[in-house]
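Visitor: One structure, as structure tokens, below. Some questions next.
The values are calculated or read from the model by the stated rules, or taken from the named source; none is laboratory data. Note that the coordinates shown come from a computational prediction; the quantities given were computed from them, not determined experimentally. As a convention, Cβ positions derive from the backbone with ideal geometry for all residues, glycine included, and neighbour counts pool all protein chains shown. Keep in mind that these areas ignore ligands, DNA and RNA; they rest on the heavy atoms of the full protein, side chains included. Shrake-Rupley method; radii C 1.70, N 1.55, O 1.52, S 1.80 Å.
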Amino acid sequence: MAPLTRNLEQSRGRRPRSFSAGLWLAGLGICSLWMHGVTLRAQDSQPTTETKAVVNEPAIEKWDLEEFPKGWKCFASEEGVPLLEIWKVVKLPDDKVPYLQCVGKPYGYLRSEKQYDDFEFGFEWRFPTDPNGNSGVLIYTGEEDKIWPNSIQVQLHGATTGSIFPLGDSMTANNLQVRDKVFAANQWHTCVIRGEGGTISVTMNGVKQGEITGSNPKTGNIALQSEGSEVHFRNIWVRNLKAATVEKPVDDENEASVGQARGERNSPES
């Protein structure tokens, strides 16, 4: 009867004890792997925070002509001539923004009260009647007022507009001589001058004219020239390129979003 009983138990679906033990161990292994996976997912879900260097974008400082002559000092080659007889702010009824008018005489310049080293300086300019008019911008201007002070000049003069060269005791490793340029009279043109680490570049109407290197000095005032011709300036701005580097925690998961939020640098509005 014993063999018959064993066969009957097997037919009823009972399994040997060794099979049940193996099944139990397999279940225990699966449970362990599942718990390990939960732990890994929990660790992965924690935000990964690390410290990264973030450079603050230098702000644009617009020179408000409504407050003129605040922020400026005038030097003229003839003593006793009031500033406002050489330089004055004009706003015509159809103008969206005022402009700074220089009559061109006597010779001299309008100097910023602040000094700059690494910077961008931008503005719009025009000669109202003479396309061969003469003016310019002096950067890294020395403290002694004279015609002309130690400085680096960016030329605004007819076909040579955009040229860069030193004046007085100032020095550069090379000069930039621009030729055969045409800037129509009574039209606004844009100019951006960049000085950084002894390298100076100039861009006119969105086109880079070139650059010079080895500027000495590398710091000083910015000045607009009165050099014999009536000239107008407007939308004047400056950007200090020396920005502080700040250590900030950055979430890796949100880093792309942070980059998008910073956006591209916008140039000043006209």
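Visitor: Where a ≥ b ≥ c are the square roots of the eigenvalues of the C-alpha gyration tensor, would you call the range 87-179 rounded, which needs a/c under 1.5, or, failing that, prolate if a/b is larger than b/c, or oblate?
Guide: prolate
Visitor: Whole number in Å², please: accessible area per residue of the range 148-221, 1.4 Å probe, ligands, DNA and RNA not counted.
Guide: Details: 3280 Å² over 74 residues.
Accessible area per residue: 44 Å².
Visitor: Measuring from label point to label point, each 7 Å out along Cα→Cβ, what is the ALA173 to GLU143 span in nm?
Guide: 2.9
Visitor: Distance in nm between label sites at LYS88 and ASP180, each 7 Å beyond Cα in the beta-carbon direction?
Guide: The answer from the label model is 4.2 nm.
Visitor: Please compare each pair in LYS96/LYS218; LYS70/LYS146; LYS70/LYS208; LYS114/LYS181; LYS114/LYS146 to a cut-off of 29 Å on the Cα-Cα distance and tell me which ones are over it.
Guide: Beyond 29 Å: LYS96/LYS218; LYS70/LYS208; LYS114/LYS181.
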